Amino acid sequence: MWGLQRETSSMYKRTSSRDYSPMLDVEDSSGVLENEVNSELETTNPSWKCSLPHVLVATISSFLFGYHLGVVNEPLESISSDLGFRGDTLAEGLVVSVCLGGAFIGSLFSGGVADGLGRRRAFQLCALPMILGAFVSGVSNSLAVMLLGRFLVGTGMGLGPPVAALYVTEVSPAFVRGTYGSFIQIATCLGLMAALFIGIPVHNIPGWWRVCFWLSMIPAAVLALGMFLCAESPQWLFKQGKIAEAEAEFERLLGGSHVKTAMSELHKLDLDRTDEPDVVSISELLYGRHSRVVFIGSTLFALQQLSGINAVFYFSSTVFKSAGVPSDLGNIFVGVSNLLGSVIAMVLMDKVGRKLLLLWSFIGMAVAMALQVGATSSYLPHFSALCLSVGGTLVFVLTFALGAGPVPGLLLPEIFPSRIRAKAMAFCMSVHWVINFFVGLLFLRLLEQLGPRLLYSMFSTFCLMAVMFVKRNVIETKGKTLQEIEISLLAKP
């Protein structure tokens, strides 16, 4: 249970850290034979069962992320009525969007927290403001208190996703890392759907919106306590010089026969980085030797948001209402499409690879936006236009969840070298939140001034730009260990 078991018949002998360095040792014939046997064992894939429980606990943070994104959508009318700001669209918008400000702050500090305290403690620190913020929101009796609670929750939301991406990438065996990375997106979808279903009684039960906030404290507490039982990232332990602890965690996550290979790869990378400083600065991320991969990561997150995904989510209720579909049912359709695409991505991630999924996803999103543009044509019958509009919305969400949603959060920790991984993820997630904020802020205004046809054409163009960017810049990481990916990138000029 929980990967704590040790392999009693392990065929290697635990050695000191220097024995893992890539040097030729002089051994007797029996030692050579033993190494050959170990080499054969290490070519097989480690058991996925060892790391699965740790990944599942980590994805609770993604569930909470999705839950808090959607928790105020259905109860917002009741909240505004009970707290005395009903009809004030600015105040209602602040309740929804103040989380984005907190998330931006949280994402800025996520790299320093993950590198300074470790991945497990970063998860626990992420859970604390979510618990406190949910409690404050639930007991609030004024707009100011509600905004304080939502801001606290937002800081946890900003801290959680980059740490989850780091942790899942670092503890997963290479052959299932894509599948496990897809769990993050699936957990986010489940969180959104849970918020939708839990919010259904809000119109019939007075004060039910308070329960909606309080219920989220349960998974947050499970995350904080569960991390006491989970493995720490071996890469982080190695960076801290805790070699023996890194070996022990590799054994929990991969099994005893794979520890020697994993540690050898870490030591080889450490030798390649002897001339690099320990502290990672913003200037190094922007102008240093790894600035290209940081640029790729930031651009991927920017194109993800500029594709129009949040605009589609914001506008989907209006689309379904115009087609005569109740908003609740429309939200369910969107949630199911999102979940279905995420499940398909999970199945395909380690089979077809990250790059191909990204290409298919952005192409599908461009086509879906073209359907939305076609739906605005005055030459189409009303019913046909509605079918195109509803179909385009669902196809867009489905294809987004197929690649553009889950892949960037998995791919970036894979291509970032371990020394800069946490700081680089924090920087890229900050870009994500900034563009997310401005898309949400400007969408309705642009819709009024430009009209849906031109606006959706712009989104489709961004999707096609993303296809060209991915084809030219993104490398395939399927089936490679993090150390193999880093070595291959370091070998490039």
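The values are calculated or read from the model by the stated rules, or taken from the named source; none is laboratory data. None of these values were measured; they are calculated from a predicted model. When we count neighbours, we look across all protein chains shown, and the Cβ atoms used for this are built from the backbone with ideal geometry, even at glycine. What goes into the accessible areas is simple: the full protein's heavy atoms, side chains included, and nothing from ligands, DNA or RNA. Shrake-Rupley method; radii C 1.70, N 1.55, O 1.52, S 1.80 Å.
Pairs linking a residue in the stretch 456-483 that is without any contact (Cβ under 8 Å) to a residue 60 or more places away in the chain to a residue that is open to solvent by 20 Å² or more (accessible area, probe 1.4 Å) and not charged (D, E, K, R), with Cβ atoms under 6 Å and 6 or more positions apart or on different chains, do not occur.
Taking the conditions exactly as written (modelled with pLDDT of 90 or more and either open to solvent by 60 Å² or more (accessible area, probe 1.4 Å) or outside any helix (DSSP H, G or I) (or both)), does LEU94 satisfy them or not?
The answer is no for LEU94.
When the stretch 467-489 is filtered for residues that are of a type in the set (A, V, I, L, M) and more than 28 Å from ARG419 (Cβ to Cβ), the ones remaining, listed by number, are VAL467, MET468.
Here ALA58 does not qualify as free of Cβ contacts under 8 Å to residues at least 60 places away in the same chain, open to solvent by less than 10 Å² (accessible area, probe 1.4 Å), out of contact with any Pro (no Cβ under 6 Å at 6 or more places or on another chain) and not β-branched (Val, Ile, Thr).
For (1) at negative phi; (2) at pLDDT 85 or above; (3) among the polar types (S, T, N, Q), each residue gets a yes or a no:
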{"position": "LYS239", "(1), (2), (3)": "yes, yes, no"}
{"position": "PHE250", "(1), (2), (3)": "yes, yes, no"}
{"position": "HIS267", "(1), (2), (3)": "yes, no, no"}
{"position": "GLU276", "(1), (2), (3)": "yes, no, no"}
{"position": "SER281", "(1), (2), (3)": "yes, no, yes"}
{"position": "LEU285", "(1), (2), (3)": "yes, no, no"}
{"position": "ARG289", "(1), (2), (3)": "yes, no, no"}
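In the stretch 66-91, the residue that is most open to solvent (accessible area, probe 1.4 Å) out of those that are in contact (Cβ under 8 Å) with a residue 24 or more places away in the chain and of a type in the set (Ser, Thr, Tyr) is SER78. Say we look at the stretch 72-117 and pick out the residues that are of a type in the set (Val, Ile, Thr) and more than 19 Å from PHE213 (Cα to Cα); which of these is farthest from the chain's Cα centre (by Cα)? Among residues in the stretch 72-117 that are of a type in the set (Val, Ile, Thr) and more than 19 Å from PHE213 (Cα to Cα), the one farthest from the chain's Cα centre (by Cα) is THR89.
Yes/no per residue for (1) in contact with an Asp or Glu (Cβ under 9 Å, 6 or more places away or on another chain); (2) surrounded by fewer than 20 Cβ atoms within 10 Å (Cβ to Cβ); (3) touching a residue at least 40 places away in the same chain (Cβ under 8 Å):
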| residue | (1), (2), (3) |
| --- | --- |
| THR376 | no, yes, yes |
| LEU380 | no, yes, no |
| SER389 | no, no, yes |
| LEU411 | no, no, yes |
| PRO417 | yes, no, yes |
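Filter the stretch 211-230 for residues that are assigned to a helix (DSSP H, G or I) and open to solvent by 60 Å² or more (accessible area, probe 1.4 Å); which is farthest from LEU147 (Cα to Cα)?
Our first condition is that a residue be assigned to a helix (DSSP H, G or I); within the stretch 211-230, this holds for 211-215, 217-226.
From what's left, open to solvent by 60 Å² or more (accessible area, probe 1.4 Å): 214-215, 218, 222, 225.
Details: TRP214: 16, LEU215: 18, ILE218: 21, VAL222: 25, LEU225: 27 Å.
This residue is LEU225.
Residues that are surrounded by fewer than 17 Cβ atoms within 10 Å (Cβ to Cβ), modelled with pLDDT under 85 and either under 24 Å from VAL168 (Cα atoms) or among the hydrophobic types (A, V, I, L, M, F, W, C) (or both) do not occur anywhere in the stretch 346-353.
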